[in-house]
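Here's the structure we're looking at; comments come further down.
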Amino acid sequence: MFVNSRKSASRLPIVSGLDPVCLVGGVRASRDIITLVSQWVGAWVAVDGGADTLLGTNWLPEAVIGDLDSLSPVARATFADRLHHISEQSTTDFEKALVRVAAPAVIAVGFTGGRMDHQLSVLSVMTQHAARRVILVDDTDVSFLALAGQTKVSLPEGTRISLMPVTPATVTLTGVQWPFADQAMQMDGFTSPSNAASGGTVTITCDAPVLATLPLACLASVLQAVVPAK
């Protein structure tokens, strides 16, 4: 069960629950992606203009959060009883929403494929709030931060896997075609943008978060690896 609170001004949760929440951003997400994600989430939160993506669908947002400057008049009228206007401009709409959701994980759709600076901003917010377990989903990929420690993902043989450091990290990767151990990774140094699973368990061991990207078909496996067991 999810709770919708009107405490918009503070960073207290607006939406909270025991199942993953889907944040819907302003980059248009296909109906197929929304349908795919729906089987794993317990509630929807529209991030500003993301409310327009949910118009006319079977999914009603528990809340619409942001500075609301990108919201269409139709969405503003349709969701008038669940608007949460956060006026400050020191954070992005994505961060405004993320920090006001209390859930074991957040699936975020509609945040990739648009402006590059917006995508990098989303990655920055994910890094700053890594404990909130964000999974980015679009028409082709699933991306998430593998946190310090070990992350294990079960993948079929040949599955594409990419690791990119968001901060300098020492990383060991096993269960892949080209494994490596205690490798220093940083954006201006070693990265691993293209590897392939050997078939079975892929283990990422790191001392700082690294961004892992897999094909969309791996969403269920990523959720199993990322979402804490109840």
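The values are calculated or read from the model by the stated rules, or taken from the named source; none is laboratory data. Nothing here was measured: the structure is a model prediction, and the numbers come from that model. Quick reminder, even Gly has a Cβ in these numbers, built from the backbone with ideal geometry, and neighbours come from all protein chains shown.
Structure notes:
- Flag if THR205 is crowded, with 17+ Cβ neighbours inside 10 Å, assigned to a strand (DSSP E or B) and polar (S, T, N, Q): yes
- Qualifying residue in the stretch 110-117 (condition: on the phi > 0 side of the Ramachandran plot, of a type outside the set (Val, Ile, Thr), surrounded by 19 or more Cβ atoms within 10 Å (Cβ to Cβ) and at pLDDT below 95): yes
- Pairs where the first residue, in the stretch 152-168, is surrounded by 22 or more Cβ atoms within 10 Å (Cβ to Cβ) and the second is assigned to a strand (DSSP E or B) and at pLDDT below 95, C-beta under 7 Å, 6+ apart: LEU163/SER192
- In the stretch 211-230, the residues that are part of a strand (DSSP E or B) and within 14 Å of the chain's Cα centre (by Cα): LEU211, ALA212, THR213, LEU214
- Any hit, the stretch 176-197, residues being among the hydroxyl-bearing types (Ser, Thr, Tyr) and closer than 22 Å to ALA108 by Cβ: no
- Residues that are out of contact with any Gly (no Cβ under 8 Å at 6 or more places or on another chain), without any contact (Cβ under 8 Å) to a residue 60 or more places away in the chain and of a type outside the set (A, V, I, L, M), drawn from the stretch 203-228: ASP207
- Set side by side, the residues PRO193, PRO179 differ, and just one is surrounded by fewer than 13 Cβ atoms within 10 Å (Cβ to Cβ), without any contact (Cβ under 8 Å) to a residue 40 or more places away in the chain and not small (Gly, Ala, Ser), which is PRO193.
- Matching residues in the stretch 65-101 - criterion: being touching a residue at least 40 places away in the same chain (Cβ under 8 Å), part of a loop (DSSP other than H, G, I, E, B) and over 18 Å from ALA43 (Cβ atoms): SER70, ILE86
- Here ALA97 meets each of (1) farther than 30 Å from ALA217 by Cβ; (2) surrounded by 16 or more Cβ atoms within 10 Å (Cβ to Cβ); (3) of a type in the set (A, V, I, L, M, F, W, C) with one exception, condition (1).
- Pair list, Cβ < 9 Å and 6+ apart or interchain, from the stretch 1-30 residues that are in the same structural domain as GLY42 (by TED's automatic domain parsing) and at positive phi to residues that are aromatic (Phe, Trp, Tyr) and at pLDDT 85 or above: none
- The set of residues in the stretch 128-175 that are among the β-branched types (Val, Ile, Thr) and out of contact with any strand residue (DSSP E or B) (no Cβ under 6 Å at 6 or more places or on another chain) comprises THR140, THR167.
- Any pair with Cβ under 7 angstrom, 6 or more apart, that starts in the stretch 34-51 at a residue that is over 13 Å from PHE94 (Cα atoms) and ends at one that is among the hydroxyl-bearing types (Ser, Thr, Tyr): ILE34/THR57
- Restricting ALA146, ALA108 to residues that are farther than 19 Å from GLY26 by Cβ, touching a Leu at 6+ places or on another chain (Cβ under 8 Å) and touching a residue at least 12 places away in the same chain (Cβ under 8 Å) narrows the list to ALA146.
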